[in-house]
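Comments concern the structure below.
The values are calculated or read from the model by the stated rules, or taken from the named source; none is laboratory data. Treat the numbers as computed from the prediction; the structure is a model and nothing was measured. We place every Cβ from the backbone using ideal geometry, glycine too, and count neighbours over all the protein chains shown.
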Amino acid sequence: MRKIQNLGRMSTKTELINWIGRKYKYTKYLEVATLTTGHEFSFVNQKIYSTNERIMYRLPPEFDDGMPISCRSPADDSSACFKSLIDQGKKFDVVFVDPFHTYEASRRDIELALMVLNTEGTLVVHDCNPPDKKYISPVFTSGSWVGETYLAFIDIVRENDKVDYCVVDIDWGCGVIRFNNADSATAYNARMVGKTCERLNNYRTRKKYYDWEYFDKHRISLLNLKSVKEFKRQL
């Protein structure tokens, strides 16, 4: 694995989310997670984000961590929860996606998250830079598992020329996606209308970077991988 030296004090996904909020004076935050992902909702700075909402799916009915959940679902996908937000016309400045790490769930969460993102908002996706092949099983494994979220992330940003993206080299890789202008956001939403009620198509077709050795060799360019210092300078 090629490693970029990580500079600066930022080291976790939540620190990145809080820093972005301060940088852009954002106020509305949405988190998308499952029982086995996320885990840091309480560390999101409420002095920055006056609106804090959370979608959780694959969630047992008895789950309660003492924090609010805007929409909860026992289902394997987040579609119904996203449809509820879209029907209400809700938009967020930051959407943080820490999905169930299958390719299908990751792709669905990222694509639907872009639909509830404000035009000048920022989407953050966790686990986009797996450090070793042993963590990338396409099916759930106990322990440290990042699955194929990184492949879904790469596919989406490479298929959409209307977004700018990079991966910040912290906390197993935090993908950052932004629309490059207001027209891009409008065009994306128009293309996606009608897909929120159904399981999105599995677009997975074999690409070179699905091979671990190829990905590992080319990860810096594929992910547009940035150290913290480079990320801050780029913004």
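Data table
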read-out	value
The stretch 3-14 residues that are within 16 Å of CYS128 (Cβ to Cβ), paired with ones that are of a type in the set (S, T, N, Q) and modelled with pLDDT of 50 or more (beta carbon under 6 Å, 6 or more apart)	ILE4/SER227; ASN6/SER227
Every residue from the stretch 87-142 that is outside any strand (DSSP E or B) and of a type in the set (A, V, I, L, M)	ALA105, ILE110, LEU112, ALA113, LEU114, MET115, VAL116, ILE136, VAL139
Whichever residue in the stretch 1-33 is modelled with pLDDT under 95 and basic (Lys, Arg) and, among such residues, is surrounded by the most Cβ atoms within 10 Å (Cβ to Cβ)	LYS3
Filter result for the condition that a residue is within 19 Å of TRP172 (Cβ to Cβ) and among the polar types (S, T, N, Q), over THR119, THR34	THR34
Residue list for the stretch 82-101, restricted to those being acidic (Asp, Glu) and in contact with a Ser or Thr (Cβ under 7 Å, 6 or more places away or on another chain)	ASP93, ASP98
Verdict on HIS126 being modelled with pLDDT of 95 or more and in contact with a strand residue (DSSP E or B) (Cβ under 8 Å, 6 or more places away or on another chain)	yes
Given (1) buried (at least 21 other Cβ atoms within 10 Å of the Cβ); (2) free of Cβ contacts under 8 Å to residues at least 60 places away in the same chain; (3) out of contact with any Asp or Glu (no Cβ under 6 Å at 6 or more places or on another chain), number of the condition THR149 does not satisfy	(3)
Considering residues of the stretch 55-75 that are in contact with a helix residue (DSSP H, G or I) (Cβ under 7 Å, 6 or more places away or on another chain) and in a loop (DSSP other than H, G, I, E, B) only, the residue surrounded by the fewest Cβ atoms within 10 Å (Cβ to Cβ)	MET67
Counted residues, the stretch 106-164 - those being in contact with a helix residue (DSSP H, G or I) (Cβ under 6 Å, 6 or more places away or on another chain) and at positive phi	1
Any chance LEU222 is in contact with a helix residue (DSSP H, G or I) (Cβ under 6 Å, 6 or more places away or on another chain) and modelled with pLDDT of 85 or more	yes
Number of the exception - PRO99 against (1) under 20 Å from PHE215 (Cβ atoms); (2) more than 12 Å from the chain's Cα centre (by Cα); (3) touching a residue at least 40 places away in the same chain (Cβ under 8 Å)	(2)
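Table: residues versus (1) aromatic (Phe, Trp, Tyr); (2) more than 17 Å from ASN180 (Cβ to Cβ).
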site	(1), (2)
SER106	no, yes
THR122	no, no
ILE136	no, yes
PHE140	yes, yes
THR149	no, yes
ARG158	no, no
